[in-house]
Amino acid sequence: MSSKSSGLLFYIVSRILLIIPMLLILLTLIFIILRVLPGDPVYFIVSPQAGEHIIEQTRHELGLDRPIWEQYVSYLMGVFRGDLGKSYITKDNVWSIIGRHLPITIELATCGLFVAAFLGISFGTFAAYKSKSWFGVFNTILSTIAYTMPVFWFGMILQILFAIQFRVLPATGILDTSLSITRITGLPALDALITGNMRAFVDHVARLILPSITLGFFISGNINRMTHSNVLKALNEDYVRAARARGIKERVILFKYALKNSLIPVITLLGMNFARMLSGSVLTETVFSIPGMGSLLVNSIFRRDYPLVQGIIVVYALLISIVTLIIDIIYAYIDPRIRL
Amino acid sequence: MNIEEIRKILRTNEGKLMFAGLVILVTLSVIAIFAPYIIPYDPSKTTPDILQPPSLKHLFGTDNLGRDLLSRIIYGSRISISTALLGALVSLPLGVLLGEISGYLGGKIDKALSMIMDSIYAFPSLILAISVATILGAGILNTALAVSTVFVPTYFRVTRGHVLSIKSKEFVEAARLMGASKVSILLKDIFPNTIASIFAIFSVNTAWGILIEAGLSFLGLGIPPPHPSWGTDIRIGRLYYLSGYWWIITFPGLAILLASLGFTFFGQGIQRILSPERR
Amino acid sequence: MKLLDIKNLRVYYFSEEGVVKAVDGVSLSLNKGETLGVVGESGCGKSTLGLSVLRLVPYPGKMVSGKIFYNGIDLLSLSDEEVRKLRGKEIAMIFQNPDVSLNPIMNIKEHLVEAILTHEEIDEREAVEKTEEILGKVGIPKNRINDYPHQFSGGMKQRIMIALALLLNPKLIIADEPTSSLDVLIQAKTLELLRNLKEEYGLSLILITHDFGVVFEESDRIAVMYAGHIIEIAKNTELYDKPLHPYTQALIKAVPTVTPEEQKLNYILGMPPSLLTPPKGCRFYARCKYAREICKFKEPKTATVGREHIVKCHLY
């Protein structure tokens, strides 16, 4: 047992070491896009018609008059010191602004993930089990539509149907204007529960339903396809045939033998889909007026708040690296073959 | 590939979906090419008939400025599809070239390039495109460039994988023994074998490009308003759709879905036919 | 008393290329306590025959006609659930490749306990005890009960498969090439284990293999299969001393060499016919040195020669 856990520990450490270059590459990429591409970030803040003096002053404030490599080093140092600068508009620390919006995106992404996993795994498994019937083809089309669909449009259609036509769910926002939630963790649903504010909790959860379905259905496409093909493959494995020959029940074979074995790669896929989920959340938050990271990004672009834009994108890179790491560790934990 | 083989492929479900994708693509291309001749109204001409629901006169209704939505969607196909095609095309040479170099040379260069590409691939594509679009500014060409950054890793991956798998094959070995240079082996022997796979990725990327362009335009970072693009039309409709004018966003969205579905079915069909499991 | 009686069984695969007649009119019976060897080249339909007894023929295969009686029960008339209850409990199967026959994410204990609890209503502690006992019999130490399949060697995995087959005291075991993926030394040990356990448990065994040497070593009676047909059945010594069918004769000539590699060299010239479009007459016609005009057009009937010696050839 001790050799096993030390093997796992070694694996985790090596994974953490592998994440560092990935993070560096992403940070460099962001730097290249924001500073090196032919587009002067100064004009991002001041109008080109502004006076020479103002342009120069802004350039100096942003540190853009220094040599490129110096800018690069100070940018990296800033990120690793945890200093992302100050917002141009509100003069607040970028970290603290992000800290207010990130939990909301995390909440939405988590709910979306559950919807996606539920839809994708149940449809995919059923389609594999019934692969010879019409449901197999139907599911292939459905899953392709899910990920080739403009996610913001799907959200709007859901709003038209459930908020305007049937009037069963609210269309936008995360809380009725007459209510408020005391901030503790930053996650609205959790905070409402902790403070015992049930009215706010119910209202908030009702407003989360449509955005979660929007994001979840979008992400479910990939999961559905992979579950479908993996379960189908697993059902043809020799160990499934051997289990059938032992009289193991079909239900057990489908879930314990085929599905459980198929879920390991599906979990990796969930990790890879985290990036798509962040993309999708930008659009979903915009459609549903949810004040998360995506809305913050779009708003700060329009307000030309350059340090905030850069900070948000850096935080996205950090998130991607952390989630990649977590998925790797979960993967090692589930699959006994990797531990050795 | 002979006729019998094609028939066999068309009998499978994947084959049928690929054929459906092809039909969608051909139809859309015809519509886009002959757009000026088939539109019932001028797509940018404002009229007093604002926010009219779908009727025989305006099949898809009209928008807030009284413009005919059907005409706008038909005309929009030109901009939406060509932006996506351009985006998928611009990144192709770079991705393929890097993939060939990486796969063929191997070693440290391969490791470094793969790592860079994997990292870019792991980053949210829309957010990457948003960053590029933000710096470059709105516009058709800039949007295509923003879209294209996302695709470099996809071409890289498929080319590299392909090069690795055929590098060891006999005919490449033979060419090397006969003293062919690395460059000529890459160009003459390896590249032709990867074309089909790259074409499949190109098709899937175009579908993706349509979605990214639509997303950027919807956020106001893509195609600027006077041009009719599907994403921009939905952005315009944002102010009205919750007041009961559902058609303003519904039809442009369906057009986006149809186009990206067509490219995806077609591209995935090719991918699966080429996949080693089938051979 | 016959434990298993297969009557004129036809199992066809309805593939995209056409109908593959893998088992095409096979009749065969097995007595209690007997070991019956089914021998033939790969692709002759012997594995399909084994699978059809458990009704495990994979898609797009179908049992087209015929009957299979087990202890007097017509297996083909049972419901899926009734057949499932027989599997493992009455009839067990051992497959060719132990490396892929165990679920990679379940440990050994889980495999065995699950099988016990599927068929018997006992508590888990008793099931674990039973598991340890049977693993002891096949020589897997107790302390490895929580290990996963990838931690065992091929020979050990096959012994675990044997334990899984014996676990519920079935009356019949169908072993499909149980040793052909193992190396020669382990092969002999595994066969010895199987033989001893068969005696101890009073089992009946169908041993499906392409290896004539193994079949002569292990079986009481032998059925020779060729291209979807059974072409000869006889007692072990009778078949060895007096093979009737030209195919059997040629095969036996190939046996007395030392290693399997040499054995292959002595094989009969030519290839078995495609089961997609089997020839109209005798299926061995193209490779047979005694072939006559009639063999080309007319399928031979089965003839009984002497005591329990059945042959399907126009010569008899």
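The values are calculated or read from the model by the stated rules, or taken from the named source; none is laboratory data. Only a predicted model underlies this, so the values are computations on that prediction, with no experimental measurement involved. As a convention, Cβ positions derive from the backbone with ideal geometry for all residues, glycine included, and neighbour counts pool all protein chains shown. Keep in mind that these areas ignore ligands, DNA and RNA; they rest on the heavy atoms of the full protein, side chains included. Shrake-Rupley method; radii C 1.70, N 1.55, O 1.52, S 1.80 Å.
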Original post:
How well do other chains shield peptide C:41-54, expressed as the mean number of their Cβ atoms within 10 Å of each residue Cβ?
Top reply: 1
Original post:
Relative to the Cα centre, what is the charge dipole magnitude of chain B, using +1 at the beta carbon of each Lys and Arg, -1 at the beta carbon of each Asp and Glu, and rounding to the nearest 20 debye?
Top reply: 440 debye
Subject >> Mean-position separation - Cα centroids, segment B:184-235 and segment B:6-47, in angstrom >> reply: 17 Å
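Please state the charge dipole magnitude for chain A, taken about the Cα centre, from unit charges on C-beta atoms (+1 on K and R, -1 on D and E), reported in debye and rounded to the nearest 20. Intermediate values should be presented prior to the final figure.
Numbers: 29 positive and 19 negative charges, 338 e Å.
Computed charge dipole of chain A: roughly 1620 debye.
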Original post:
Going from the alpha-carbon gyration tensor of segment B:3-274, what semi-axes, largest first and in whole Å, does one get by taking the root of 5 times each eigenvalue?
Top reply: 41, 22, 14
**OP:** Give me the net charge of C:VAL215's neighbourhood, meaning all other residues with Cβ under 12 Å from the Cβ of C:VAL215; Lys, Arg count +1, Asp, Glu -1.
**Re:** -3
Subject >> Per-residue mean of C-beta atoms belonging to partner chains within 10 Å, peptide C:94-104 >> reply: 5
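Heavy-atom accessible area per residue, chain B, 1.4 Å probe: how many Å²?
Working: 12480 Å² over 279 residues.
Heavy-atom SASA per residue in chain B reads 45 Å².
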**OP:** Show the residues, 5+ positions off or on another chain, whose built amide H is closer than 5 Å to the amide H of C:ILE206.
**Re:** C:LEU36, C:ILE173, C:ILE174, C:ALA175
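Stretch A:ILE106-A:ALA206 to full length: gain in nm at 0.36 nm per residue minus the Cα-Cα span?
Working: separation 100, 0.36 × 100 = 36.00 nm, distance 1.70 nm.
34.3 nm is the gain from fully extending A:ILE106 to A:ALA206.
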Original post:
What percent do you get for the relative contact order of segment A:96-301 when only Cα pairs under 8 Å and 6+ apart count?
Top reply: 35 percent
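Nearest 0.05, what FRET efficiency do A:THR177 and A:LEU318 give at R0 = 45 Å with Cβ-Cβ as r? The partial results should precede the final answer.
Numbers: r = 33 Å, r/R0 = 0.74.
Once rounded, the FRET efficiency stands at 0.85.
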Original post:
Quick one: how many lysine pairs in segment B:3-274 have C-alpha atoms under 19 angstrom apart, if they're 8 or more apart or on different chains?
Top reply: 9
**OP:** Collect residues whose amide H, placed 1.01 Å from N in the peptide plane, falls under 5 Å from the amide H of C:VAL64; neighbours closer than 5 in sequence don't count.
**Re:** C:ARG10, C:VAL11, C:TYR12
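Can you tell me what share of the DSSP beta bridges in chain C is antiparallel? A percent to the nearest 5 is fine. Numbers along the way, then the final one.
Values: 32 of 51 bridges.
Antiparallel: roughly 65 percent of the beta bridges in chain C.
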**OP:** Positive end of the charge dipole of chain B (Lys, Arg +1 and Asp, Glu -1 on Cβ, about the Cα centre): tell me which of B:GLY222, B:ASN193, B:LEU56 has its Cα farthest that way.
**Re:** B:ASN193
Original post:
If R0 is 60 Å, what FRET efficiency do you get for A:ILE184 and C:SER79 from their C-beta distance, rounded to 0.05?
Top reply: 0.55
Original post:
Farthest toward the dipole's positive end in segment A:96-301, which of A:SER178, A:GLY221, A:GLY247, given Cβ charges of +1 (Lys, Arg) and -1 (Asp, Glu) about the Cα centre?
Top reply: A:GLY247
Original post:
Along segment C:22-30, what does the Karplus equation 6.51 cos²θ - 1.76 cosθ + 1.60 (θ = phi - 60°) give for ³J(HN,Hα), rounded to whole Hz, x for Gly and Pro?
Top reply: 6, 10, 10, x, 9, 10, 6, 9, 10
Original post:
Which of the lysines could a cross-linker span from C:LYS130 if the Cα-Cα distance has to be under 17 Å and same-chain partners fewer than 8 positions apart are dropped?
Top reply: C:LYS89, C:LYS109, C:LYS142
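What number comes out for accessible area per residue over chain C if the probe is 1.4 Å? Units Å², please. Mind showing how you got there, number by number?
Values: 14250 Å² over 316 residues.
Per-residue accessible area for chain C comes out at 45 Å².
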Subject >> Non-local Lys pairs in chain A, i.e. 8 or more apart or on different chains, that have alpha carbons under 30 Å apart >> reply: 15
**OP:** Partner chain Cβ atoms within 10 Å, averaged over the residues of A:282-290 - can you pull that number for me?
**Re:** 2
Original post:
Where in chain A are the DSSP H helices whose C-alpha atoms run 30 Å or more along the long axis and whose mean Kyte hydropathy is at least -0.5?
Top reply: A:2-31, A:94-129, A:198-235, A:260-288, A:306-334
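Can you pull out the buried accessible area for chains B and A, both sides counted, probe 1.4 Å, rounded to the nearest 100 Å²? Let's see the in-between values first.
Numbers: alone 14620 and 18440 Å², together 28970 Å².
In total, this chain pair buries about 4100 Å².
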**OP:** Sequence neighbours fewer than 8 away in the same chain don't count; with that in mind, list the lysines whose C-alpha is under 20 Å from C:LYS21.
**Re:** C:LYS7, C:LYS46, C:LYS62, C:LYS67, C:LYS280, C:LYS296, C:LYS298, C:LYS301, C:LYS312
Original post:
What's the angle, to the nearest 10 degrees (0 to 90), between helix C:184-201's Cα axis and the longest principal axis of chain C?
Top reply: 80 degrees
Original post:
What accessible area, summed over both chains, is buried at the A-C interface (1.4 Å probe, Å², nearest 100)?
Top reply: 2300 Å²
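For chain B, return all DSSP H helices satisfying: extent of Cα atoms along own axis at least 20 Å; mean Kyte-Doolittle hydropathy at least 0.0. Don't skip to the end; give the middle numbers.
Numbers: long enough: B:13-33 (30 Å, 1.73); B:69-105 (53 Å, 1.31); B:107-122 (22 Å, 0.41); B:152-167 (22 Å, 0.13); B:191-219 (40 Å, 1.34); B:247-274 (41 Å, 1.38).
Helix filter hits for chain B: B:13-33, B:69-105, B:107-122, B:152-167, B:191-219, B:247-274.
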**OP:** Evaluate the charge dipole of the protein assembly as shown about its Cα centre and quote only its size in Debye, nearest 20, assuming +1 on the Cβ of each Lys and Arg and -1 on the Cβ of each Asp and Glu.
**Re:** 1520 debye
**OP:** State the Cα centre-to-centre distance between segment A:154-193 and segment C:140-211 in whole Å.
**Re:** 61 Å
Subject >> Karplus 3J(HN,Hα) series, Hz, for segment C:211-217 with 6.51 cos²θ - 1.76 cosθ + 1.60 (x for Gly, Pro) >> reply: 9, 4, x, 4, 4, 5, 5
**OP:** Quick one: which residues, 5+ away or cross-chain, put their amide H under 5 Å from the amide H of C:SER29? H built at 1.01 Å from N.
**Re:** C:ILE6
Subject >> Cβ-defined net charge surrounding A:ASP305, 13 Å radius [Lys, Arg +1; Asp, Glu -1] >> reply: +3
